[in-house]
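Everything on this sheet refers to the single structure shown next.
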Amino acid sequence: MPTMNMLQAINNALDIAMAEDDKVICFGEDVGVFGGVFRATSHLQEKYGKSRCFNTPLVEQGIIGFANGLAAQGSVPVAEIQFADYIFPAFDQIVNESAKFRYRSGDLFNVGGLTIRTPYGGGIAGGLYHSQSPEAYFTHTPGLKVVVPRNPYQAKGLLLAAIRDPDPVLFLEPKRLYRASVGEVPQEDYQLPIGEAEVIKEGTDMTLVGWGAQMEVIGKAVELAEEQGIACEVIDLRTLLPWDADTVVESVLKTGRLIVSHEAPLTGGFAGEIAATIQERCFLYLESPIARVTGLDTPFPLVLEKEYLPDHLKIFEAIRESVNF
Amino acid sequence: MTNYVHQPLFMTGDEFSMATFSLLDPEGELYEGAKEPDLPRDHARRLYQAMLATRILDERMMAAQRQGRLSFYMQSTGEEAAVVGATAALDDADMIMAQYREQGALMYRGFSIDEFMNQLFGNELDYGKGRQMPIHYGSRKLHYMTISSPLATQIPQATGYAYGQKLAGDGHCTLTFFGEGAASEGDFHAALNMASVHQVPVIFFCRNNGYAISTPSTEQFAADGIAPRAFGYHMHVIRVDGNDALAVYEATRQARQIAVEQNKPVLIEAMSYRLAAHSSSDDPSGYRAKSEEEAWRLKDPILRMQKWLLKKGWWSEEEETSQQETLRRDVLDTMKRAEKRSPPPLESLITDVYADITPELQRQFDQLKRHIRRYPEAYPRGARSLDLEVNTSTDSQGEA
C-alpha cells in the first residue's frame with residue numbers, strides 16, 4: 001500500500017473522482033496550472049483540461065454562487081476556498097442557497113453534487129486570518145453536511161464520499177497536517193461513511209471526542225493519561241453535521257466522563273452542542289461535569305499560538321480534573 | 001497595445017452614451033427606420049396573451065391580498081413586456097433564473113393558473129410544499145429555477161448553470177432576471193466577471209424599473225444605469241426600451257445567438273418603470289409623485305403591443321374582451337379551489353432538508369408528533385395531517 005501525505009491523498013481522491021465521472025469539475029483561486037496554493041489540485045488541469053479544472057477570479061461569493069448553479073444544472077462541482085478564513089464572503093451563498101436549495105424547491109432542484117473544500121485551523125504560524133476553525137457557523141445550518149478528516153486515509157475516503165454524497169458537503173481540511181500527516185492509503189477507490197463517528201481507541205474511564213487536527217493532540221494526551229492508569233476511549237466525530245450522537249452516547253454511558261476538544265473559541269463552539277446533547281441523554285450516568293478544551297474567546301493570535309491552542313497538556317489536565325472530580 | 005499619452009487624461013465614462021433600442025412608439029407604430037422583427041402571428045399572439053394574463057393575474061391577486069386571502073403578493077405591472085418579451089425570444093428549454101417579479105415568464109411557458117395558485121396558497125399541491133412565501137414559483141418541467149428571496153444570489157448561479165450547459169454542449173443558455181437594485185450586490189459583479197472570463201452562454205437581463213423598494217435608481221448608482229458596466233467586463237451589451245415588447249424580443253433573440261453560438265455572456269438593460277408597489281407591503285405614495293406614475297402609464301407596454309397587433313389584424317377587440325373575462329373567471333375559480341385544499345402534510349417539515357431524513361431529524365419529528373397529539377387544538381393543520389379530530393374554526397387560511 002502506498003504512503004501518502006494528506007495533500008497527496010486529497011489529490012488522489014480528486015483524480016479518481018474526475019476520471020470516473022466527467023461531470024466532476026474542480027475550480028477555485030489558483031487551482032489551475034499552479035495546483036492550488038497547497039497543491040491539492042496538482043496536475044488535474046494537465047490531465048482533465050482547462051474546462052474541468054480552472055482558476056477563478058478572486059471572488060469567493062462568485063465561486064460558490066457559480067458552484068451552486070453548476071450543481072443545480074447536474075454537474076458535480078468541487079470548489080476550493082483557499083483558506084477557511086476567506087469563506088465568509090461566500091457565507092450567504094452557502095447558508096441561504098446551497099443549504100436550502102432542495103428544501104425550498106420541494107426537491108424540484110438541488111445542489112447535492114456540490115463539495116466545498118477548504119483548509120482550516122492553526123499551528124502553521126498563520127495568525128488570525130490563516131488559522132480559523134469556522135465549523136460551528138456551518139453546523140447551525142440544516143441542509144449542509146460538514147466533514148473533517150484527521151489523516152490521509154480519512155481524507156481520501158471521506159472526500160470521495162463527499163463528492164458522491166447527494167447533499168452539499170463542506171469539507172474542512174486540517175492544513176497543519178497537509179504534509180505533516182503521512183500514512184498508508186490504498187491506491188484504489190474507497191469511501192468512508194459520512195455521518196458516522198469512529199471509535200479510534202476503546203477505554204473504560206473517560207471518553208474524549210474531537211475531529212480533524214485535534215485528534216493527534218488528543219492522542220498524545222491519552223498516552224499521558226494511560227501512564228497514570230486512566231483508560232481512555234477516543235472518538236473521532238469525522239462528520240460534524242449531521243453528527244453521530246449515538247456513538248458518543250454509547251461511549252459515555254460506559255465511561256461516565258466526557259471531554260470535547262476543538263481549536264475554535266469556546267463560546268458557541270460545537271463542543272457546546274455535544275455537551276448539551278450528552279447531558280440530556282446520559283445525565284444519570286455522568287460522574288463529572290462534561291469538560292470543553294478549546295481555543296480562547298479571542299481572535300487567533302500569531303506569536304502566542306502555542307499558548308492559545310488546546311494542546312495535549314491542557315487536555316491531560318482536563319482528564320485529571322475529571323477523574324478527580 | 002499600450003496607448004501612451006503625454007498629458008494627464010482622466011475619463012468618466014461620459015465619453016460613451018448608451019443608446020436605447022426601441023421599435024414601437026407608444027401608439028404601436030414602428031419608428032421610422034425601425035425594422036419589424038421576424039415574429040410570426042402565432043408567436044406574437046402567444047407573447048401578447050401571456051402579458052395580458054400576467055396583468056390580470058396580478059390585479060386579481062393583489063385584490064385577494066387586500067381582502068386578506070393571501071399573505072403577500074408582488075405585481076409586475078408595467079414590466080410585462082420586458083419579462084415576456086425576453087422569454088419569448090428564448091428556446092423554451094433554456095433555463096430562466098429569475099428574481100421574483102417574473103411571473104410573466106412562467107405564464108408564457110404555460111405554467112397553469114392552478115400551478116400559480118397552489119404556490120400562492122402553499123397548499124398540498126405546491127411544488128415548494130408550502131415552504132416559501134407567495135410568488136416563489138419554480139418549475140423543473142418549464143426550466144424555471146425556484147425563486148430564492150435573498151437578492152441577486154441567482155446571478156452567479158446563472159453563470160454556473162450556463163457553464164454546465166456549455167460543457168454539456170446541448171445548445172442551451174441561461175437567462176437571469178434581476179432589478180437595477182440587485183445590480184448593487186457583490187453577486188452581480190462576481191457573476192459578470194466570471195461569465196466574461198470563462199466565456200459562458202448566459203444572458204444577464206436587468207429590469208431597470210426605477211425603484212428598489214423605495215430607493216430611486218438615482219440613489220442606487222451614479223453612472224448612466226447598469227448597461228455601461230458591461231464595458232468593464234468586456235461583454236456584449238444592449239440597452240432596450242423595456243416597454244416595447246418587440247424591441248425586447250429582438251434584442252434578446254440576438255443576445256441568445258451571441259450566447260449560444262459564441263459562448264459569450266450578454267448584458268441587457270431594459271428601461272422600464274414599476275407602475276405598482278414593490279410588494280403588497282409597500283406604499284409608493286410615500287416616496288414618489290403620482291404624476292410620475294401617470295406619465296409612465298401613457299407608455300403602458302400592454303397597450304402598445306395591443307395596438308400593434310390590432311393594426312396588423314392579428315388581434316381583435318372581441319378577443320381582448322373575451323380573453324380578459326375568461327381569465328378573470330378562471331383566476332377566481334381556481335383561487336377558490338386552491339384556498340380549500342389541504343396544507344402540505346406534517347412530514348414536509350423534515351423532508352428535503354437532506355436527500356434522506358437524518359436520525360436526529362426523525363427524533364425531533366417524533367417528539368413533535370407526540371406534542372401535537374397532546375394539544376391537537378393548538379396545531380390544527382398538523383393535527384389534521386395526523387388524522388386527529390380538531391375544531392376547524394380555529395384554523396385560518398392565509399396566515400402569514
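FYI, it's all coordinate maths here, none of it is from the lab. Predicted model, so just to flag it, every value in this text is computed and none were measured. Don't worry about glycine lacking a Cβ; one is built from the backbone with ideal geometry, like all the others, and counts go over all protein chains shown.
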Taking only the alpha carbons of the range B:123-175, what extent do you get along each of the three principal axes, in Å, biggest first? 38, 24, 12
Partner lysines for B:K312 [C-alpha distance under 17 Å; skip if fewer than 8 residues away on the same chain]: B:K35
Taking the Cα centroid of the range A:264-280 and of the range B:298-364, what is the distance between the two, rounded to the nearest whole Å? 46
Alpha carbon centre of the range A:79-121 versus the range B:70-90: separation in Å? 30
Taking the Cα centre of each part, how many Å lie between the range A:135-211 and the range B:177-204? 35
What angle do you read, to the nearest 10 degrees and between 0 and 90, between the alpha-carbon axis of helix B:154-168 and the longest principal axis of chain B? 80
Roughly how tilted is helix A:312-323, in degrees to the nearest 10 and between 0 and 90, from the longest Cα axis of chain A? 40
Can you tell me the dipole magnitude for the range B:89-177 around its Cα centre, using point charges on the Cβ only (Lys, Arg +1; Asp, Glu -1), in Debye to the nearest 20? 240
Expressed in whole Å with the largest first, what are the equivalent ellipsoid semi-axes of the range B:249-400 derived from the C-alpha gyration tensor as the square root of 5 times each eigenvalue? 47, 26, 19
Hey, could you pull the Cα Rg and Dmax for the range B:100-236, both in Å? 16.1, 47
Relative contact order computed over the range B:87-182 (Cα-Cα under 8 Å; 6+ residues apart), in percent: 36
Report, in listed order, any pair from A:K100/B:K129; A:K145/B:K141; B:K141/B:K166; A:K220/A:K306; A:K201/A:K306 with a Cα-Cα distance greater than 24 Å. A:K145/B:K141; A:K201/A:K306
If every Lys and Arg gets +1 and every Asp and Glu gets -1 at its Cβ, then about the Cα centre the range A:191-325 yields a dipole, in debye to the nearest 20, of 180
If you look at just the Cα atoms of chain B, how large are its Rg and its Dmax in Å? 23.2, 86
Net charge over other residues, Cβ less than 13 angstrom from the Cβ of B:V240 (K, R count +1; D, E count -1): -2
Helix A:245-255 against the longest principal axis of chain A: what's the angle in degrees, Cα atoms only, rounded to the nearest 10? 20
Environment charge of B:M62, counting only residues whose C-beta is closer than 12 Å and scoring Lys/Arg +1, Asp/Glu -1: +1
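With Kirkwood's inverse mean 1/r over C-alpha pairs for Rh, give me the Rg to Rh ratio of the protein assembly as shown, two decimals please.
We get a ratio of 1.03 for the protein assembly as shown.
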Report Rg/Rh for the range B:4-81, rounded to two decimals, where Rg is the Cα radius of gyration and Rh the Kirkwood radius. 1.26
Relative contact order, percent, chain A [alpha-carbon distance under 8 Å, six or more residues apart]: 16
Over the protein assembly as shown, the sum of -39500 (n - 2.57) across DSSP H runs of at least four, divided by residue number and rounded to 500 deg cm²/dmol, gives at 222 nm -12000 deg cm²/dmol
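Please quote Rg/Rh for the range B:170-266 to two decimal places, taking the Kirkwood radius as Rh and restricting both calculations to Cα atoms.
That ratio equals 0.96.
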Diagonalise the Cα gyration tensor of chain A and give the resulting equivalent ellipsoid semi-axes, square root of 5 times each eigenvalue, largest first, whole Å. 34, 20, 19
Starting from the Kirkwood radius over alpha-carbon pairs of the range A:1-110, derive D by Stokes-Einstein at 37 °C in a medium of 0.692 mPa s and give it in µm² s⁻¹. 226
Taking loop as defined by DSSP and a crowding limit of 16 other beta carbons within 10 Å, which GluC sites (Glu not before Pro) in the range A:246-325 fit? A:E287
How large are Rg and Dmax for the range A:256-325 when calculated on the C-alpha trace, in angstrom? 13.0, 43
